[in-house]
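As structure tokens, the structure follows; a few thoughts come after it.
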Amino acid sequence: MKILVIGAGFSGATIARELAEHGHTVTVIEKRAHIGGNAFDYLNEYGIRIHKYGPHLFHTSNKEVFEWTSKFTNWIPYKHKVKALLADGTLVTLPPNKETAEKVGAENIIDIFYRPYSKKMWGVDMEELDPDIFNRVKIREDMNEFYFPDDLFQFLPADGYTQLIENIFKHPLINISLNTPYAPGIENQYDHTFNSMPIDEFFQYRFGQLPYRSIKFHTKTIAVPSVFPVSVINFTHKEPFTRATEWKNFPGHGTHSGFTSITVEEPCDFIDNEFERYYPVKDIQGHNKALYKKYQNIIPSKMTFIGRCGLYAYLDMHQAISSALKITKDFIDNAKS
Ligand SMILES: Cc1cc2nc3c(=O)[nH]c(=O)nc-3n(C[C@H](O)[C@H](O)[C@H](O)COP(=O)(O)OP(=O)(O)OC[C@H]3O[C@@H](n4cnc5c(N)ncnc54)[C@H](O)[C@@H]3O)c2cc1C
């Protein structure tokens with residue numbers, strides 16, 4: 001079959017590779033000037049690796065996903081730790097653990113860490129958000145200081161995410177066109193299309209716009225060897241910034257002795273950030289999911305929506321890969337029957 005894949009992130013790459021392995025011819029179009037989607041990274045002039053769209057940590061307990069992804073990269077073991085900066089200048093572990101609770105008082109945890117974060121990150125009070133969002137960063141009652149305490153596989157790709165995704169795309173039946181946004185009707189030239197563009201944009205917002213949160217990334221390189229004791233520091237203050245990443249503190253992200261690069265994140269509505277859609281908004285009433293369902297009901301038969309913006313779901317990389325592997329398997333099984 002002739003297949004079109006819209007979007008060269010993890011979802012599009014996984015589907016393109018699996019279908020090419022099964023003998024299908026795959027054309028990938030990507031509106032940005034680079035592959036990798038939001039996992040794109042690059043080396044700056046100091047040899048420091050920057051993740052352009054925020055720090056990406058690969059973590060999963062899904063063995064199938066880990067083994068599939070391992071075909072395309074070597075790994076550097078890395079277990080992520082995050083510290084939160086308190087008003088008195090001290091650092092405590094995040095998600096809050098026993099030590100954090102002892103320092104700030106267990107009864108203050110919600111007001112210090114979750115309430116201000118919710119306002120900055122989502123632009124609303126935490127009561128208006130689906131509690132699922134906060135379950136991702138659970139409060140711990142032990143001294144564990146890892147951000148993903150339960151995941152079996154926690155690694156960084158040895159040569160970066162862009163190289164990993166380039167390796168996924170490296171197949172004679174896959175062709176990629178960068179700087180190529182979806183043009184209406186192009187799908188008619190193909191037997192099937194896998195589409196990771198925002199579903200509401202594809203349908204020209206006929207039922208209304210699906211909301212997203214976005215982030216403005218402020219990156220600076222400064223002439224000091226190092227600033228933070230860990231890679232990521234979260235802010236608890238009232239300023240609009242949520243966290244800062246010092247890239248060199250991730251293993252394999254550069255060793256420059258005189259300079260270090262830091263990115264500070266400022267969340268905003270996606271409309272205030274050139275329509276860069278990062279996080280689907282899970283409202284407690286479920287209005288956004290209901291709007292998504294209206295679009296889902298009118299998807300043409302020769303098209304499958306995939307990925308974060310196609311499914312309007314918060315997907316980590318391992319979930320994007322897992323979902324794409326399942327979608328491809330179902331497609332191949334259906335084509336056979
Ligand atoms: C700030 C931030 C931090 C994150 N941290 C982590 C983390 O630590 N760990 C983790 O596992 N995951 C993390 N993620 C999630 C990770 O980025 C996603 O799981 C992954 O990128 C999903 O891949 P995708 O292909 O579904 O979507 P995307 O990466 O968004 O790729 C979609 C692609 O489609 C392209 N596209 C869109 N519209 C069009 C169009 N009209 N025409 C052509 N192309 C189009 C886009 O340019 C993009 O390249 C993070 C995400 C963000 C935003």
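Sequence-ordered 3J(HN,Hα) estimates for the range 229-240 from the Karplus curve with 6.51, -1.76 and 1.60 and θ = phi - 60° stand at x, 10, 6, 10, 10, 8, 9, 9, 6, 8, 4, x Hz, glycine and proline given as x.
The length gained on full extension between Phe203 and Asp130, counted as 0.36 nm times the residue separation minus their Cα-Cα distance, comes to 23.6 nm. Simple rule: put +1 on each Lys or Arg Cβ and -1 on each Asp or Glu Cβ in the range 1-111, find the dipole, and look at Ala13, Val26, Val104; the Cα lying farthest toward the positive end is Val26. Entry note: the chain has Rg to Rh equal to 0.97, where both radii use alpha-carbon atoms and Rh is the Kirkwood radius. Are any of the pairs Lys52/Lys81; Lys170/Lys216; Lys282/Lys336; Lys216/Lys294; Lys52/Lys293 more than 28 Å apart by Cα-Cα distance, and if so, which? Among Lys52/Lys81; Lys170/Lys216; Lys282/Lys336; Lys216/Lys294; Lys52/Lys293, the Cα-Cα distance tops 28 Å for Lys170/Lys216; Lys282/Lys336; Lys216/Lys294; Lys52/Lys293. Proximity of backbone amide H atoms, modeled 1.01 Å from N, is registered between Cys268 and Ser214, Ile215, Lys216 at under 5 Å, excluding neighbours fewer than 5 places apart on the same chain. Karplus-based coupling profile of the range 4-10, in residue order and whole Hz: 10, 10, 9, x, 9, x, 4, with θ = phi - 60° in 6.51 cos²θ - 1.76 cosθ + 1.60 and x standing for Gly or Pro. Taking Cα centre as origin and charging only the Cβ of basic (Lys, Arg, +1) and acidic (Asp, Glu, -1) residues, the dipole magnitude of the chain rounds to 500 debye. Sparsely packed loop sites in the range 238-337 (the GluC sites (Glu not before Pro) outside DSSP H, G, I, E and B with at most 15 other Cβ atoms within 10 Å) comprise Glu274. Residue by residue, the range 310-318 carries 3J(HN,Hα) couplings of x, 9, 6, 9, 6, 10, 6, 4, 5 Hz when phi is fed to the Karplus relation 6.51 cos²θ - 1.76 cosθ + 1.60 (θ = phi - 60°); x denotes Gly or Pro.
Report the extension gain between Glu107 and Ala313 in nm, rounded to one decimal, defined as 0.36 nm multiplied by the number of residues separating them, less their alpha carbon distance. Intermediate values should be presented prior to the final figure.
Numbers: separation 206, 0.36 × 206 = 74.16 nm, distance 3.18 nm.
Computed gain between Glu107 and Ala313 is 71.0 nm.
With both residues required to sit in the range 1-102, DSSP beta bridges show an antiparallel share near 60%. Each 5 Å bin, from zero up to the one with the longest distance, holds this percent of the alpha carbon pairs of the range 278-337: 4, 16, 21, 22, 21, 11, 4, 2, 0. Given R₀ = 51 Å, FRET efficiency for Ser301-Lys98 by Cβ-Cβ distance, to 0.05? For R0 = 51 Å, the calculated efficiency reads 0.40. Note on the range 1-135: along the principal axes its Cα atoms extend 60, 38, 33 Å, ordered by decreasing extent.
Can I get the semi-axes of the range 216-337's equivalent ellipsoid? Compute them from the C-alpha gyration tensor as square roots of 5 times the eigenvalues, in angstrom, largest first.
Numbers: eigenvalues 292, 88, 26 Å².
Listed largest to smallest, the semi-axes of the range 216-337 are 38, 21, 11 Å.
Answer rounded, prolate or oblate for the range 24-83, using the Cα gyration tensor with square roots of eigenvalues a ≥ b ≥ c: rounded when a/c is under 1.5, else prolate when a/b is larger than b/c, else oblate. Oblate, since a/c reaches 1.5 and b/c is not below a/b.
Under 5 Å from the amide H of Ile176 lie the amide H atoms of Val28, each residue being 5 or more positions distant or on a separate chain, with H modelled from the backbone and absent for Pro and chain starts.
Annotation: amide H-H contacts under 5 Å for Arg243 (H modelled 1.01 Å from N, sequence separation of 5 or more, or interchain): Phe235, Glu265.
Using equal-weight Cα scatterers in the Debye expression, the normalised intensity of the range 57-160 in log10 at q = 0.11, 0.16 Å⁻¹ is -0.44, -0.83. Between the alpha-carbon centres of the range 1-41 and the range 61-136 there is a gap of 31 Å. Expressed to the nearest 5 percent, the antiparallel share of DSSP beta bridges inside the chain is 60 percent.
Take the range 86-232, drop everything but the C-alpha atoms, weight them equally and run the Debye formula without solvent; then report log10 I(q)/I(0) at 0.09 Å⁻¹ to two decimals. Rounded to two decimals, the profile gives -0.55.
Exactly which trypsin sites (Lys or Arg not before Pro) in the range 134-168 are in a DSSP loop and have at most 12 other Cβ atoms within 10 Å?
Details: sites: Arg136, Lys138, Arg140; in loops: Arg136, Lys138, Arg140.
The qualifying sites are Arg136, Lys138.
Readers should treat all values here as calculations from the given coordinates under stated rules, not as data from a laboratory. None of these values were measured; they are calculated from a predicted model. We place every Cβ from the backbone using ideal geometry, glycine too, and count neighbours over all the protein chains shown.
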